Amino acid sequence: MTVLETERLRLRHFGPADAAFILELLNEPSWIAHIGPRDVHDLAAAEAWIEAKLVASYARLGFGFWAVERREDGALLGMCGLIKRDSLPEVDLGYAFVPRAWGVGYAREAAAACLRHGAEVLGMQTILAITGPDNLASQRVLTDIGMCFVETRVLDGETRQTQVYRWASA
């Protein structure tokens with residue numbers, strides 16, 4: 001199911017057919033370094049992760065992390081969307097892309113579209129985002145789409161420092 005489209009991208013629900021891509025993304029060294037290991041090492045585990053983490057969020061909240069495809073050829077590039085973590089008071093924006101999709105503005109385009117969708121379609125007044133203090137690329141994406149740095153802290157259940165960003169509707 002397509003959720004939204006931008007000039008170059010289509011964001012849609014993930015499904016079981018995306019297991020090979022999820023397996024690749026979750027085992028990408030940049031994912032492990034910036035997000036953390038997810039113990040997904042085969043297609044069956046990837047399918048289970050899609051169901052438990054992604055599809056369950058769509059059913060429970062009506063939103064979640066969506067597959068990001070390039071419109072011109074349908075190539076899967078990453079994930080982007082809105083989630084509700086127990087460790088944050090508001091919904092937050094998140095994204096992750098495979099290295100072959102880096103450096104051409106896909107994260108910025110998808111993240112900006114998700115902010116608009118959160119505000120205009122879902123009626124959200126405030127949206128947060130988090131990133132590691134050393135993830136300068138993500139920090140640039142967040143500030144470029146209008147999010148403001150709030151603080152650095154350790155989130156409940158975590159051990160490492162996290163930078164928190166905030167966006168609020170005008």
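The values are calculated or read from the model by the stated rules, or taken from the named source; none is laboratory data. Just so you know, these numbers come straight off a predicted model, no measurement behind them. A quick note on method: Cβ atoms are made from the backbone with ideal geometry, for glycine too, and the neighbour counts reach across all protein chains shown. All accessible areas refer to the heavy atoms of the entire protein, side chains included, with ligands and DNA or RNA removed. Shrake-Rupley method; radii C 1.70, N 1.55, O 1.52, S 1.80 Å.
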Exercise. Computed over the Cα atoms of the chain, what is the convex hull's projected area averaged over all directions, in nm²?
Worked result: 9.4
Exercise. When the helices in the chain are scored as -39500 (n - 2.57) per DSSP H run of 4 or longer and the sum is shared across all residues, what 222 nm value do you end up with, to the nearest 500 deg cm²/dmol?
Worked result: -8500 deg cm²/dmol
For this session: Would you kindly derive the ³J(HN,Hα) couplings of region 161-170 from the backbone phi angles with the Karplus curve 6.51 cos²θ - 1.76 cosθ + 1.60 (θ = phi - 60°), listing them in order in whole Hz, with x for Gly and Pro?
Result: 5, 9, 8, 10, 10, 9, 10, 10, 5, 5
For this session: Calculate the spin-label point distance for Gln125 paired with Thr152, positioning each point 7 Å from the Cα along the beta-carbon direction, and give it in nanometres.
Result: 3.1
For this session: Arrange the residues Leu23, Leu142, Leu122 by how much accessible surface each exposes, largest first, with a 1.4 angstrom probe.
Result: Leu122, Leu23, Leu142
Exercise. More than 22 Å apart: what percent of Cα pairs in region 88-170 qualify?
Worked result: 24
Exercise. Based on the Cβ-Cβ distance of Ala17 and Ala170, what FRET efficiency does E = 1/(1 + (r/R0)^6) give at R0 = 30 Å, to the nearest 0.05?
Worked result: 0.15
For this session: Using only protein heavy atoms and a 1.4 Å probe, report how much of Thr143 is accessible, in Å² to the nearest 10.
Result: 70
Exercise. Between Thr159 and Ala56, what FRET efficiency follows from the Cβ-Cβ distance if R0 is 25 Å, with the result rounded to 0.05?
Worked result: 0.45
Seminar exercise, completed: Whole-percent tail of the Cα-Cα distance distribution for region 36-98, cut at 16 Å, equals 56
